[in-house]
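Starting off with a structure, shown below.
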Amino acid sequence: MELIPHNPTEGVYSTGGDWVHAMEVRSASRMLFVSGTMGLRPDFTAPPTLDEQLEFVWNNLRAILASAGMTVDNIVRLTSYLRDASYAEANAQARIAALGDRRIPTTAIVVQTLEPDWLIELEIIAAS
């Protein structure tokens with residue numbers, strides 16, 4: 001599989017360097033569409049802080065990816081659902097920490113979650 005980031009600098013606004021406008025996936029043999037995943041503990045309870053939920057959401061995604069024989073290196077698209085706009089910076093930093101130097105297309109949306117203590121939900125697409 002070949003991943004080709006497309007991040008034009010003319011005729012469109014800058015991404016600021018921590019994400020890209022588009023990711024071309026060539027010769028992928030598998031695609032994994034992961035439903036919205038929350039920062040919940042295995043017992044379905046939410047930790048009280050945003051930082052804890054961000055840690056759990058990425059751990060949960062790693063477990064889901066591993067079940068398909070994939071890692072975070074296979075993520076080609078991410079959508080973040082944030083309960084509050086003030087969570088955007090912490091969410092971006094957690095994404096950068098999880099993905100290292102990889103930059104992918106990403107969108108953050110402020111939403112009302114189903115439960116008030118669910119602060120973050122991430123939805124991903126992975127390919128291999």
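The values are calculated or read from the model by the stated rules, or taken from the named source; none is laboratory data. It should be emphasised that the depicted structure is a prediction, and the values quoted were computed from it without experimental measurement. Using ideal geometry, Cβ is built from the backbone for each residue, glycine included, and neighbour counts are taken over all protein chains shown. For accessibility, only protein heavy atoms count, side chains too; no ligands or nucleic acids. Shrake-Rupley method; radii C 1.70, N 1.55, O 1.52, S 1.80 Å.
Collect residues whose amide H, placed 1.01 Å from N in the peptide plane, falls under 5 Å from the amide H of residue 104; neighbours closer than 5 in sequence don't count.
Answer set, sorted by chain and number: 20.
Explain nothing, just the number: dipole magnitude of region 35-81 about its Cα centre with +1 on each Lys and Arg Cβ and -1 on each Asp and Glu Cβ, in debye rounded to the nearest 20.
Numbers: 3 positive and 5 negative charges, 38 e Å.
Result for region 35-81 is approximately 180 debye, rounded to the nearest 20.
If you line up the long axis of helix 88-99 against the longest principal axis of the chain, both from Cα atoms, how many degrees apart are they, to the nearest 10?
Rounded to the nearest ten degrees, it is 60.
Where Lys and Arg each count +1 and Asp and Glu each count -1, what net charge lies around residue 75 among other residues with Cβ under 12 Å from its Cβ? Walk me through the numbers before you get to the answer.
On the way: positive: 62, 77, 95, 102, 103; negative: 73, 123.
Local charge sum for residue 75: +3.
All other residues with a Cβ under 12 Å from the Cβ of residue 47 taken together, and with Lys, Arg as +1 and Asp, Glu as -1, what is their net charge?
Working: positive: 41; negative: 43, 51, 52, 55, 117.
Summing Lys/Arg as +1 and Asp/Glu as -1 gives -4.
Now, a different point. Go through 77-89, 51-63 and give me the packing order, highest mean Cβ count within 10 Å leading. Write out the running numbers ahead of the final one.
Working: 77-89: 16.4, 51-63: 18.2.
Highest mean packing first, the order is 51-63, 77-89.
Moving on to the next point. Only helical DSSP H runs with n ≥ 4 go in: add -39500 (n - 2.57) per run for the chain, normalise by residue count and round the 222 nm mean residue ellipticity to 500 deg cm²/dmol.
Numbers: 2 runs with 30 residues, N = 128.
Calculated from helices alone, the mean residue ellipticity at 222 nm is -7500 deg cm²/dmol.
I've got another one for you. Is there a quick way to get the dipole size of region 1-57? I mean about its Cα centre, with the Cβ of Lys and Arg at +1 and of Asp and Glu at -1; what is the value in debye to the nearest 20?
On the way: 3 positive and 8 negative charges, 55 e Å.
The calculation lands at about 260 debye.
Let me ask you something else. So what are the radius of gyration and Dmax for the Cα set of the chain, in Å?
14.8, 48
Consider a paramagnetic label point 7 Å from the Cα of residue 111 along Cα→Cβ; state which residues of region 59-94 have an amide N under 12 Å from it.
The answer is 79-84.
Between residue 63 and residue 85, what is the label-to-label distance in nm when each label sits 7 Å out along the Cα-to-Cβ direction?
So the two model labels end up 3.4 nm from each other.
Further, regarding this structure: Where only protein heavy atoms count, and the probe is 1.4 Å, what is the accessible area per residue for the chain in Å²? Mind showing how you got there, number by number?
On the way: 7040 Å² over 128 residues.
Accessible area per residue: 55 Å².
Using 0.36 nm per residue of separation minus the Cα-Cα distance, give me the extension gain between residue 49 and residue 10 in nm, one decimal. Show your work: numbers first, answer last.
Values: separation 39, 0.36 × 39 = 14.04 nm, distance 3.97 nm.
Once the chain is fully extended between residue 49 and residue 10, it gains 10.1 nm.
Let me ask something else. First compute the accessible area of the chain with a 1.4 Å probe, then give the percent of it belonging to carbon and sulfur atoms.
On the way: 3740 of 7040 Å².
The computed percentage sits at 53.
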